[in-house]
Every structure is written in C-alpha cells, then in structure tokens.
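Below is one structure, written out as structure tokens; comments come after it.
The values are calculated or read from the model by the stated rules, or taken from the named source; none is laboratory data. This one's a predicted model, so the numbers in the text were calculated from it and none came from an experiment. Cβ coordinates were reconstructed from backbone atoms using ideal geometry, including for glycine residues, and neighbour counts include every protein chain displayed. Keep in mind that these areas ignore ligands, DNA and RNA; they rest on the heavy atoms of the full protein, side chains included. Shrake-Rupley method; radii C 1.70, N 1.55, O 1.52, S 1.80 Å.
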Amino acid sequence: MSVIRLAEAVGMDKGQISRALAELVSRKLIAKAVNPRDNREVLVRLSRTGLAAHDAIVAGAQERNRRLLEQLGRDELLVLLAQIDRLTETAAQMLTAEKDLS
C-alpha cells in the first residue's frame with residue numbers, strides 16, 4: 001500500500017503517517033520500499049514480525065469478542081448486530097457528508 005493511500009484510509013495527513021511509519025520501521029514491524037512503477041511513491045507492507053504481531057492482536061481480539069458475546073442470547077445478539085449495522089450506516093453517511101463539505 002502506498003503512504004498516500006494509507007493516509008487517506010486512516011484520515012491522517014502524510015506527515016503524521018510518515019512519522020508513525022518511521023517508528024514502525026524502527027521496531028521492524030513494517031518494511032518500506034520505493035514503488036518500482038513510480039519512484040516518487042513509497043510502498044509499505046507488514047514485515048514477518050509485523051504479521052506475527054497482527055495475528056496475535058487479531059487472535060486476542062477475537063477471543064475477547066467471543067467472551068463478551070457469549071453473555072448474550074441469540075435474540076439479544078441479533079438485536080445488537082442490527083444496532084451496530086444501523087450505527088455504522090449512519091457513521092458512513094456522516095463521513096460522506098463531511099467529505100462533501102470539504
């Protein structure tokens with residue numbers, strides 16, 4: 001992924017992303033390379049260490065979610081998921097409206 005696309009995806013400016021990426025590179029969690037198709041662009045990817053950290057974080061999150069959701073009955077879970085979908089749609093609409101203003 002390019003730095004510019006990453007900045008757009010997370011809603012941060014390129015300078016903030018560059019500083020964060022420098023820290024992640026120093027911790028060997030990501031690797032950076034010049035795009036062979038456009039040497040003005042920098043591409044980033046997770047390193048092996050970064051992939052392992054990602055997998056551990058995801059596994060932990062999935063376990064926490066499982067433990068939280070096991071407290072709910074089937075009907076309660078369906079209501080919760082419907083409300084999350086509703087809030088997600090509203091948030092997407094708000095984001096689109098904000099982008100249209102700028």
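Observations, loosely collected:
- Residues considered: Asp13, Asp85, Asp55. Largest GNM mean-square fluctuation over the chain, using C-alpha springs under 10 Å, is found at Asp85.
- Near the amide H of Ile30, within less than 5 Å, lie the amide hydrogens of Val25, Ser47, all on another chain or at least 5 residues away, with H placed in the peptide plane.
- Fraction of accessible area attributable to carbon and sulfur, the chain (%, probe 1.4 Å): 57
- Our note on the geometry: Cα centres of the range 76-102 and the range 15-49, 31 Å apart.
- Placing +1 on each Lys and Arg Cβ and -1 on each Asp and Glu Cβ, with no other charges, gives the chain a dipole about its Cα centre of roughly 660 debye.
- Accessible surface area normalised per residue over the range 13-73 is 80 Å², counting heavy atoms of protein chains with a 1.4 Å rolling probe.
- Relative contact order (percent, whole number), the chain, Cα cutoff 8 Å, 6+ residue spacing: 18
- Separation in nanometres of the label points that stand 7 Å from Cα toward Cβ, at Arg74 and Asn35: 4.9
- Between the listed residues Leu87, Ser18, Ala61, the Cα displaced farthest toward the positive end of the dipole of the range 15-102, a dipole computed from Cβ unit charges relative to the Cα centre, is found at Ser18.
- The shape of the chain comes out oblate: with a ≥ b ≥ c from the C-alpha gyration tensor, a/c is at least 1.5 while a/b does not beat b/c.
- To the nearest ten degrees, helix 14-26 and the longest principal axis of the Cα atoms of the chain are 90 degrees apart.
- Mean residue ellipticity, 222 nm, helices only, the chain: the sum of -39500 (n - 2.57) across DSSP H runs of n ≥ 4, divided by residue count and rounded to 500, is -23500 deg cm²/dmol.
- Per-residue Karplus couplings for the range 79-87, computed as 6.51 cos²θ - 1.76 cosθ + 1.60 with θ equal to phi - 60°, are listed in order as 5, 4, 5, 5, 5, 4, 4, 5, 5 Hz, Gly and Pro entered as x.
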